[in-house]
Structures are given as structure tokens and as C-alpha cells.
Amino acid sequence: MPLAAEFEAMLTEAAASGAPPMTELSPADARAMYQAMRPENPALTVGSMTDLSIPGPAGNIAARVYRPEGEGDFPVLMNFHGGGWVIGDLISADGISRDFCQTINCVVVSIDYRLAPEHPYPAAADDCIAATRWIGANMAAVGGNGKLAVTGESAGGQLAAVVAQAAQADGAPEICFQLLAYPVVDHDMTRGSYVENADGYLLTTDTMHWFWNMYCPDVATRNEVKASPIKAASLTGQPPAMVITAEFDPLRDEGKAYADALQAAGVPTTYHCANGLIHDFFATAAVLPCSRPPFEAACAALRSAFDSSAQG
């Protein structure tokens, strides 16, 4: 279907601004630009927001905990922000974390993992794995009721998939669901969507090359499952999943391929391609009507998974 009118207007405005492409910026400037694109959104009210320090493999990992209104313990959703492992932080993840917390009625733990190029692969993956293990073993610290799911957008979706695979391999913590939003799951950039959507739709193929070169400068490591989770020898026994992609996104086809691989391994998996939308559309779910339905569908899937795990 055609590009959604809201995104067409947004992209036209962005093109007219004359801003340089991200690939011409320093990592610090790219981070500042992304933070400006995704500011904090305190208008999305939650019960409380607190900062937390979690022991990690290279020092403490900063995290932010969002609790819903009301008494009692709640299910916990680990949220790994996007940004190609190079940009993104607790500020850029604030709006989506608040929206998840409010819409699902769950605790959201947002993780400020180490970024490349200062901390190349596998630093981001190792931090997210360590943070999830710690939360799984310390549910009381965040008011969790023992039910745990993982989510992330783009590179954060890749990290959520990596965390789910590591948890299964380790036998803990038990993850009841994985929501992967337009995830990076493979370093292969020859799929059709990389050609069809190479430029003009926010995330470009050139930007993905830039991200991969920053995070995995050693090309040989890109075949490892912590970098390309689709390369796993087996996906059997993975947590139930929902994979959401966008029609006008270079990452569309690899997300579909991962959903297909999960389904082939017998993992209960829902796949949805959001027609007319572009990469990063969850960030606009609170303001653009075209982005809200797929976000609401994702929240419904998470609520159902939390309810099912309660019964199980």
C-alpha cells in the first residue's frame, strides 16, 4: 500500500531541513540527533519512574524502572532500545517505555547498555544478557511478580532475540514472550527490502552499513549468534514470539525470515508487517494514528502472554 500520509509529510519535512545523513556525523552528534528525535515524554504518566544500577560484566549497567499505577506486583518487560548499537539511551527509550507500562499495566525495565564504537560487539549483548539475568533473580527489586518478557526495536529487537536465546541456553531466567519490533537479526544486507527501501524512509541501507561497521568491525564475528541470531543452530524451545516489521524498511525481509525460522522450529510465532509504515514507528505510536494499531496489537500480545504465564 502507499506510504502513510503522516510519514510522507514527516519525511518531506526532514528532507527539506537539509540535515546531514547520520553516516556523516560523529557518534556523539548522531546520539544527540536521535535523542532530539525521541525526547522524554512525561505526558505519558506512570505510577513511578526510578533509576536502578545493575551489576554487569564491565561495571554497573544503568537502568530505568517504570511502574504502573496501583498496588501489588506486576509482570516485567525488559526493554532494549534501538539505535544500531551506536545511538540511543534511556532518554530516547522513555516514551515507548512509558507507553508499554501504561498500556500493558506492567513494570518496564529500560536498559542503558554500552554503545559502539567505544564498546564494540559483544558489549551490548553481554550487558543485556547480564541485566536480564539479574532482574530474573531479583524480581522483588522492581516489584515484579515473576513473569518476564523481553522486547526491543531494531538493534534492540536483535538484543531481545539474543537474550531469549541465552536464557534458554542457560536455563534461566524463564522468559514467557519475546516481542521483536523491526529487528536486526542478520548481517546479510542483500535481501530485497535492503534494495527496495535503500533510501528515503528514515533508516537507510548506508546507515545500516555504518552501524554494523561500528558495532562489529571484525567482519568474521558477524556470523556469531550474538550478532546474527538467525544463525542459531536451532530455535526449538524459544519463547513464544511476535515479530513486527514495516513495509518501507530495509529490515523488513530479515524480520520475516526470523519469524519464519521460529515457526519452522515449532515456536508459537505471530508475524505482522505494518503496511504503509516505516522503521521506528513505535516511537510515534502515541502521536500518529497510523502507528497506533500495530503498537496496540503488540501490547495485546504481551498482555495475553503475561496472563497465560500466570495460568501456567
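The values are calculated or read from the model by the stated rules, or taken from the named source; none is laboratory data. All values derive from a computational prediction rather than experimental measurement. Using ideal geometry, Cβ is built from the backbone for each residue, glycine included, and neighbour counts are taken over all protein chains shown.
Quick look at the values:
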quantity	calculated
Residue tally, condition in a helix (DSSP H, G or I) and under 23 Å from Pro239 (Cβ atoms), over region 254-292	12
Residue in region 110-119 that is farther than 22 Å from Ala32 by Cβ and out of contact with any Pro (no Cβ under 9 Å at 6 or more places or on another chain) present	no
Condition broken by Trp85, with the remaining ones in (1) in contact with a Pro (Cβ under 9 Å, 6 or more places away or on another chain); (2) of a type outside the set (S, T, N, Q); (3) at pLDDT below 95 satisfied	(3)
Among the residues listed as Thr204, Thr151, the single one being among the β-branched types (Val, Ile, Thr) and either surrounded by fewer than 20 Cβ atoms within 10 Å (Cβ to Cβ) or out of contact with any Phe, Trp or Tyr (no Cβ under 9 Å at 6 or more places or on another chain) (or both)	Thr204
Qualifying residue in region 290-311 (condition: modelled with pLDDT under 95 and in contact with a strand residue (DSSP E or B) (Cβ under 8 Å, 6 or more places away or on another chain))	yes
Helices (runs of 4 or more DSSP H) contained in region 118-221 and holding at least 2 residues under 27 Å from Ala14 (Cα atoms)	155-170, 192-196, 205-215
Test: residue in region 77-88 that is in contact (Cβ under 8 Å) with a residue 40 or more places away in the chain, touching a helix residue (DSSP H, G or I) at 6+ places or on another chain (Cβ under 7 Å) and farther than 21 Å from Ala164 by Cβ	yes
Scope region 165-187; condition crowded, with 24+ Cβ neighbours inside 10 Å and aliphatic (A, V, I, L, M); matching residues	Ile175, Leu179, Leu180, Ala181, Val184, Val185
Region 216-250: number of residues that are surrounded by fewer than 19 Cβ atoms within 10 Å (Cβ to Cβ) and of a type in the set (Val, Ile, Thr)	4
The listed residue being in contact with a strand residue (DSSP E or B) (Cβ under 9 Å, 6 or more places away or on another chain), crowded, with 20+ Cβ neighbours inside 10 Å and not polar (S, T, N, Q), out of Ala125, Ala62, Ala116, Ala131	Ala131
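Residue by residue, here is whether (1) touching a helix residue (DSSP H, G or I) at 6+ places or on another chain (Cβ under 7 Å); (2) under 12 Å from Pro57 (Cα atoms) holds:
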{"position": "Arg98", "(1), (2)": "no, no"}
{"position": "Thr103", "(1), (2)": "yes, no"}
{"position": "Val108", "(1), (2)": "yes, no"}
{"position": "Ile129", "(1), (2)": "yes, yes"}
{"position": "Met139", "(1), (2)": "no, no"}
